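For reference, the structure discussed in these notes is given below.
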Amino acid sequence: MNPIKTTTFLLFLTLLKVSAQTVVTDLNGFRLGQYRETATNELGKPFQQGKYDDGFAYEVFLLKPDTSLYMVFEYAARDTAIIWSLQISSNDTTTDIGFKGFKLGIDKKEVLQLLGKPDKKEDIGDYGEKWSYDKTNYSVEISKRGTLSSVKIRDTYSNKPADVSKLPKFDEVIKVLSSSNNDDIAGILAPGIEIYHKKQTLFFEKSLKTEIETDHSKIFKTIREISTGLDKINTSNKKVYEENMRVTIGQNPKHVVKIKGHTIKEIVFDYVNGKYLIWEINAQ
């Protein structure tokens, strides 16, 4: 065998393995950590809902009236107001689901090519097989016909200690907040962000995809307005700028930026989905 081709083939397999060892936070437009009500605001009344014995809650939403395409949202017992997992499933349709460029209904050979060999396969009866990958937060289901029928992602960071080294620098935060690109700004915001401004509390009311495309909840417009002048803040002057940690029992420490002489009084960062993201902005 040609040694160059062999090396290329091995490199390709390595890249496949690395691509599988990632965390995915978005599925079909929604992001883990968004508020539970975003599901009903976007998709309407759930088709089914209930609770498991462990206290976790779930809701099922039909994306097609004939039940051939649906989403399941799960909410952890510790906080049933926040999306803990997302799953999209289909019986007989080919649908773009916003997951690594996949479409439901593709052949399992294509799934293997894109994700690599699963670390675990589980027989799930009439549903076919469940494929799981180590060091990831997602699993897929392969139907008995040999096609991709479901993808599920879940929060795997809630019980892990925060990595303080991932705290963003303030000047980098300012640059992102002043961006004209909603997607860029969304990348530094916690899915459950709250902005306190003009005696109102703003948060993402719909799926993140809808918010980025339409700014339905006016989050991005408000951020651009209240962030004006942040680049003039002298971060070395302790009289106008201060950073500290907020500690709450049972939670990761939050990083707090306090500002004087600006519309924004406080920016709070929380460790969400493996990153320190803006969790609150107080601009009252």
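FYI, it's all coordinate maths here, none of it is from the lab. All figures in this text were calculated on a predicted structure; none of them were measured in a lab. Every residue, glycine among them, receives a Cβ derived from its backbone with ideal geometry; neighbour counts consider all protein chains shown.
Could you pull out every residue, at least 5 positions away or on a different chain, whose amide H is within less than 5 Å of the one on Glu194? Hs are placed 1.01 Å off N in the peptide plane, and Pro or chain starts have none.
Answer set, sorted by chain and number: Glu280, Ile281.
Quick check: from the Cα gyration tensor, does the stretch 186-284 come out rounded (a/c under 1.5), prolate or oblate?
On the way: a/c = 2.01, a/b = 1.23, b/c = 1.64.
Since a/c reaches 1.5 but b/c is at least a/b, the shape of the stretch 186-284 is classed as oblate.
Using only C-alpha positions, report the orientation-averaged shadow area of the convex hull of the chain, nm², one decimal.
Directional mean of the projected Cα hull area for the chain stands at 19.0 nm².
Which order do peptides 128-137, 101-110 fall in by mean Cβ count within 10 Å, highest first? Don't skip to the answer; put the middle values down first.
On the way: 128-137: 16.8, 101-110: 14.7.
Ranking the peptides 128-137, 101-110 by packing returns 128-137, 101-110.
Using θ = phi - 60° and the Karplus form 6.51 cos²θ - 1.76 cosθ + 1.60, what ³J(HN,Hα) does each residue of the stretch 161-172 get, whole Hz, x for Gly and Pro?
My calculation for the stretch 161-172 gives x, 5, 9, 4, 5, 8, 4, x, 7, 4, 5, 6 Hz in order.
Quick one: the Cα spread of the stretch 142-231 along its three principal axes, in angstroms, biggest first?
Extents along the principal axes: 58, 33, 25 Å.
State the dimensionless ratio Rg/Rh of the stretch 126-179 (Rg: radius of gyration of Cα atoms; Rh: Kirkwood radius).
Expressed as Rg/Rh, it is 1.27.
Starting from the Cα of Lys51, step 7 Å along the direction of its Cβ; do the same at Lys120; then give the gap between the two resulting points in nm.
For the pair Lys51/Lys120, the computed spacing is 2.7 nm.
Using only the Cα atoms of the stretch 115-156, what semi-axes does the equivalent ellipsoid have when each is the square root of 5 times a gyration tensor eigenvalue? Give whole Å, largest first.
Three semi-axes, in Å: 18, 11, 9.
Between the stretch 259-284 and the stretch 155-180, what is the C-alpha centre distance in whole Å?
Cα centroid to Cα centroid, the span is 10 Å.
What lysines sit close enough to Lys254 to cross-link, taking a C-alpha to C-alpha distance under 19 Å and skipping anything fewer than 8 places away on the same chain?
Lys160, Lys166, Lys169, Lys265, Lys275
Suppose the chain between Tyr196 and Ala81 were pulled fully straight at 0.36 nm per residue; how much longer would it get relative to their current alpha carbon spacing?
39.5 nm
Round to the nearest 10 and give me the degree value, 0 to 90, for the angle of helix 3-20's Cα axis relative to the longest principal axis of the chain.
The angle comes out at about 60 degrees.
Could you order peptides 203-216, 38-51 by the average number of other Cβ atoms within 10 Å of their residues, highest first?
Ranked by mean Cβ neighbours within 10 Å, highest first: 203-216, 38-51.
Report the residues of the stretch 139-163 in range of a label on Asn91: point 7 Å along Cα→C-beta, backbone N strictly under 19 Å from it.
Inside the label zone: 141-151.
Take a quick pass over the stretch 47-142 and tell me how many lysine pairs come in under 19 angstrom between Cα atoms, counting only ones 8 or more apart or on separate chains.
Taking the stretch 47-142 as the scope, the lysine pair count is 22.
Considering amide H positions built from the backbone, and no H for Pro or chain starts, which residues 5 or more places from Thr95, or on another chain, come under 5 Å of its amide H?
Leu104
Normalised by the number of residues in the stretch 164-282, what is the relative contact order in percent for Cα pairs under 8 Å and 6+ residues apart?
The value is 25 percent.
Between Leu167 and Glu37, take the C-beta separation as r, use R0 = 41 Å, and let me know the FRET efficiency to the nearest 0.05.
Rounded to the nearest 0.05, the efficiency is 0.90.
Suppose we keep just the DSSP beta bridges with both residues in the chain; what percent of those would be antiparallel, to 5?
Details: 60 of 64 bridges.
In the chain, approximately 95 percent of DSSP beta bridges are antiparallel ones.
P(r) for the stretch 15-154: what percent of alpha-carbon pairs falls in each 5 Å bin, starting at zero?
Here the calculated profile for the stretch 15-154 is 2, 10, 19, 22, 21, 15, 8, 2, 0.
Quickly estimate the mean residue ellipticity at 222 nm for the chain, helices only: each DSSP H run with n ≥ 4 gives -39500 (n - 2.57), and the total goes over all residues, rounded to 500.
Only helices count here, giving -6000 deg cm²/dmol.
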